[in-house]
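> Before I ask anything, here is the structure I am working with.
The values are calculated or read from the model by the stated rules, or taken from the named source; none is laboratory data. From a predicted model like this one, the values you see are computed outputs, not experimental measurements. Cβ placement follows ideal geometry from the backbone for every residue including glycine, while neighbour counts extend to all protein chains displayed. For accessibility, only protein heavy atoms count, side chains too; no ligands or nucleic acids. Shrake-Rupley method; radii C 1.70, N 1.55, O 1.52, S 1.80 Å.
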Amino acid sequence: MNTLQAIVLAIIEGITEFLPVSSTGHMIIASSFFGIAHEDFTKLFTIVIQLGAILSVVVLYFKRFFQTLDFYFKLLVAFIPAVVLGLLLSDFIDGLLENPVTVAISLLIGGLILLKVDEWFNNPNTPETSQEITYLQALKIGLFQCIAMIPGVSRSGASIVGGMSQKLSRTTAAEFSFFLAVPTMLGATVKKCYDYYKAGFELSQDQTTILVIGNVVAFIVALLAIKTFIGFLTKNGFKVFGYYRIIAGVALLLIHFFIHPLTII
């Protein structure tokens, strides 16, 4: 991976991490086009630059992080399902990450769902603060988030739809999804880094520099993406993202089967 490729992937991560379009799916597609998806460093890079995106949430919602212990316990309850399933299904998930067809189909199905979400879960008069989410709602949102272990589904999309299914407004569901991203993405990053460390993977100086650049770019882009997304989502809903996912999914299938097979393994 060179610096330009790292910047492109970091931009993709920053834009897509908090949008309901699947950051993992987009980075799989981009890295496969670059011909670097099979490299161990690329797989590590796409995980570690999530730290930059996490930091953007902390910065934007800094004051909101100083809440009651009750709020953090709710985050913990929402986080636990991902921990349990992530540990149990780690090898299976890694296998799915190597299949571009899985990403394409997930994009398509997720797009069709997003076209109907606003009709299914129209909750305009619900509270606008994540503090008012109950423990049961938090648990159900966490279960929805686990669906995003399938590449192409979108962690933010699954958790936001999960929140809306629990009678939360789009804004409340989106903000809780952002908060939930912090322990979820941090936990995934730490686990993967530990796995690579155990396997004896060592970073060169150039690779370390690329990781730093990637995190900085992902942080800056994610800052802009979150602020834009909340306003857009509140005003317009999910349909635009649904159409985008359908177009992206169809395009990926056409490219893979009729133009050039995307080989990730």
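> With every protein chain kept in the model, how would you rank 12, 150 by accessible area, 1.4 Å probe, largest at the top?
Order by accessible area, largest first: 150, 12.
> Ordering 228, 208 from largest to smallest accessible area (1.4 angstrom probe), what's the sequence? Before the final figure, lay out each step's value.
Details: 228 95, 208 65 Å².
Accessible-area ranking of 228, 208, largest first: 228, 208.
> Projecting each Cα onto the charge dipole of the chain (Lys/Arg +1, Asp/Glu -1 at the beta carbon, about the Cα centre), which of 139, 24, 99 comes out farthest on the positive side?
With unit charges placed on the Cβ atoms, the residue in question is 139.
> When the scattering of the chain is computed by the Debye formula from its Cα atoms alone, each counted once and equally, what is log10 I(q)/I(0) at q = 0.07, 0.14, 0.15, 0.17 Å⁻¹?
-0.23, -0.95, -1.10, -1.41
> Considering only 63, 116, 239, give the residue with the highest GNM mean-square fluctuation for the chain, with springs between Cα atoms whenever their separation is below 10 Å.
Its mean-square fluctuation being the largest, the pick is 63.
> Could I ask something else about it? Please work out how much accessible surface residue 59 shows to a 1.4 Å probe, ignoring ligands, DNA and RNA, in Å² rounded to 10.
Approximately 80 Å² of residue 59 is accessible to the 1.4 Å probe.
> Give the carbon-plus-sulfur fraction of the accessible surface of the chain in %, rounded to a whole number; probe 1.4 Å, heavy atoms of protein chains only.
The nonpolar share, carbon plus sulfur, comes to 70 percent.
> Something else about it: Can you give me the convex hull volume of the Cα atoms of the stretch 133-265, divided per residue and expressed in Å³? Could the numbers behind the result be given before it?
On the way: hull volume 19.9 nm³, N = 133.
Looking at the stretch 133-265, the number lands at 150 Å³ per residue.
> With respect to the cross-link table entries 74/235; 74/140; 43/239; 63/235; 140/192; 63/167, which display a Cα-Cα separation exceeding 21 Å? Before the final figure, lay out the partial values.
Numbers: 74/235 27 Å; 74/140 11 Å; 43/239 31 Å; 63/235 24 Å; 140/192 26 Å; 63/167 25 Å.
The answer is 74/235; 43/239; 63/235; 140/192; 63/167.
> If we count every other residue with Cβ under 13 angstrom of residue 121's Cβ, Lys/Arg +1 and Asp/Glu -1, where does the sum land?
On the way: positive: 116, 140, 167, 170; negative: 118, 119.
That works out to +2.
> Based on the Kirkwood radius over alpha-carbon pairs, what is the Stokes-Einstein translational diffusion coefficient of the stretch 14-98 at 10 °C with 1.306 mPa s viscosity, in µm²/s?
Approximately 105 µm²/s, per Stokes-Einstein.
> For every other residue with a beta carbon closer than 14 angstrom to the beta carbon of residue 204, add +1 if it is Lys or Arg and -1 if Asp or Glu, then tell me the sum.
Details: positive: none; negative: 39, 40, 202, 206.
Around residue 204, the charge tally is -4.
> Once Lys and Arg get +1 and Asp and Glu get -1 on their Cβ, which of 243, 165, 253 lies farthest toward the positive end of the dipole of the chain?
Ranked along the dipole, the leading option is 165.
> Same structure, new question: Just to confirm the number: angle between the C-alpha axis of helix 239-254 and the first principal axis of the chain, 0 to 90 degrees, nearest 10?
20 degrees
> Return an integer: the convex hull volume of the alpha-carbon atoms of the stretch 101-192, in Å³ per residue.
Hull volume over Cα atoms, normalised by residue count, gives 84 Å³.
> So, with +1 on the Cβ of K and R and -1 on the Cβ of D and E, and no other charges, what is the size of the charge dipole of the chain about its Cα centre, to the nearest 20 debye? Spell out each step's value before the answer.
Working: 16 positive and 16 negative charges, 139 e Å.
Dipole magnitude for the chain comes out near 660 debye.
> May I ask for the angle, rounded to the nearest 10°, between helix 69-88 and the longest principal axis of the chain, with both axes built from Cα atoms and the value confined to 0 to 90°?
For 69-88 against the chain, the angle is about 40 degrees.
> Given the options 86, 71, 47, identify the residue whose Cα lies farthest towards the positive end of the charge dipole of the chain (+1 on Cβ of Lys, Arg; -1 on Cβ of Asp, Glu).
In the chain, that residue is 71.
> Assigning unit charges at the beta carbon (Lys, Arg +1; Asp, Glu -1) and nothing else, what dipole magnitude in debye, to the nearest 20, does the stretch 173-229 show about its Cα centre? Could the numbers behind the result be given before it?
Numbers: 4 positive and 4 negative charges, 25 e Å.
Its charge dipole is roughly 120 debye.
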